[in-house]
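The values are calculated or read from the model by the stated rules, or taken from the named source; none is laboratory data. Here the structure is a predicted model, which means the values were calculated and not measured. Every residue, glycine among them, receives a Cβ derived from its backbone with ideal geometry; neighbour counts consider all protein chains shown. Surface areas here come from the heavy atoms of the whole protein model, side chains and all, with no ligands, DNA or RNA. Shrake-Rupley method; radii C 1.70, N 1.55, O 1.52, S 1.80 Å.
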Amino acid sequence: MTTSETEDLVRQLNAAAEANLARHLAVAENWMPHEFVPWGEGRNFAVLGGEPWSAEQSRLSPVARTALEVNLLTEDNLPGYHAELVRTFGRDGAWGAWVNQWTAEEARHASCMRDYLLVTRGTDPDRLEHARMATMQAGFDAGGKPLLHACVYVSFQELATRASHRNTGRYSGDPIAERLLARIAMDENLHMIFYRNIVKAAFQIAPSETLRAITDEVTSFVMPGSVIPGFARKAFQIAQAGIYDLRIHHDDVIMPLVRHWGIFEAEGLDGDGERARQDLASALKTLDARAAAFVERRAEAHAKRCIDQEPELGGLG
Ligand SMILES: [Fe+2]
Ligand SMILES: [Fe+2]
């Protein structure tokens, strides 16, 4: 798409942006992050005469801690995402209003998750701060995605973070963390709906280009937190725990949106659109096969661990 074609598309999508901003403002709840943090559990750290942090103070398992830290550090990088959205959507009209509304809502997520973790001693505060610095120093660069690609990416990304928060909360075993993360997940769901509806409107206006963008983003999707120090190792632990893995990515993130957009039911596509749809079908097949292989490997590793840990049977003779 040329710059003028993109500008034309933005103009045509203005009505969808206005309608979806209005819908969002009507349903988004102005919730209070301080009401989700057990302040009474808080106490000073060593410099102020209290106790230094140590792992046994946390009621979270090491994996739950890792998942919460990754979710928090992902949220911490908000200025990077804000800059990308301003670059893509601009500052005017409904697009500009949406970017600021979205940013204000997202800012709650990191602040209340950090409060929760510090008050409950759920994380090493020094390590967390070093990781936050490193993450924000890396920043976020979406690689100059064009408008449609950006809208598709954020649709997937918001649904991915929704699943990640929701599943981390369930996994944590702490009702306070679960309540907090379920609340955040509801925000991510509303954000996803905004972008999803923009993509749906774009699919009506420019089906082939939108389909190509969807195909590209399915094949190249990377979590926004990938710049976090040690992300690959942490993501592996999170996947092993079933908090966020390829199966969830395929079943709960990619496929619900592909179905919602009605991609495989659409008629009257031109040659480019049909090619993009075929490429998407094969990308989905590959993703599904990778998800199945991952689940199988994980089950085998789990079975092997169970056998290794079984007490030896002795004394029978
Ligand atoms: Fe968020
Ligand atoms: Fe979000």
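Among 172-178, 155-161, 282-288, how do they line up by average Cβ neighbours within 10 Å per residue, starting with the highest? Walk me through the intermediate numbers first.
Working: 172-178: 17.6, 155-161: 24.3, 282-288: 15.1.
Top of the packing list down: 155-161, 172-178, 282-288.
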Between the Cα axis of helix 78-89 and the main Cα principal axis of the chain, the angle (0 to 90°, nearest 10) is 10 degrees
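Could you please state how large a percent of the accessible area of the chain is carbon and sulfur, counting protein chains only and using a 1.4 Å probe? It would help to have the intermediate numbers written out before the result.
Details: 8480 of 15420 Å².
The computed percentage sits at 55.
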May I have the extent of the alpha carbons of the chain along their three principal axes, as whole Å values ordered from largest to smallest? 73, 59, 33
Calculate, in nm to one decimal, what residue 57 and residue 92 gain on full extension: separation in residues at 0.36 nm each, minus their alpha carbon distance. 7.8 nm
Between the Cα axis of helix 125-138 and the main Cα principal axis of the chain, the angle (0 to 90°, nearest 10) is 20 degrees
Over the chain, with a Gaussian network built from C-alpha contacts below 10 Å, which listed residue (136, 255, 32) shows the highest mean-square fluctuation? 32
Ordered by number, the GluC sites (Glu not before Pro) in the stretch 1-98 that occupy a DSSP loop and have at most 16 other Cβ atoms within 10 Å are 29
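Where only protein heavy atoms count, and the probe is 1.4 Å, what is the accessible area per residue for the chain in Å²? If you can, show how the numbers build up before the last one.
Values: 15420 Å² over 317 residues.
It amounts to 49 Å² per residue over the chain.
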Given R₀ = 30 Å, FRET efficiency for residue 267-residue 18 by Cβ-Cβ distance, to 0.05? 0.60
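Can you tell me what percent of all Cα-Cα pairs in the stretch 189-317 are more than 21 Å apart?
54 percent
Which peptide among 47-55, 102-110, 209-217 comes first, and what is the full order, when sorted by highest mean count of other Cβ atoms within 10 Å? Write out the running numbers ahead of the final one.
Working: 47-55: 10.2, 102-110: 18.4, 209-217: 24.2.
With the highest mean Cβ count within 10 Å placed first, the list reads 209-217, 102-110, 47-55.
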If I build a Gaussian network model for the chain, linking alpha-carbon pairs within less than 10 angstrom, which residue out of 133, 192, 113 has the largest mean-square fluctuation? 133
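Given the Cα-Cα distance of residue 46 and residue 285 and 0.36 nm per residue of separation, how much length would full extension add, in nm? Present the calculation step by step, with values, prior to reporting the outcome.
Values: separation 239, 0.36 × 239 = 86.04 nm, distance 5.35 nm.
Contour length minus the Cα-Cα distance gives 80.7 nm.
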The chain, relative contact order in percent, only Cα pairs under 8 angstrom and at least six apart counted: 22 percent
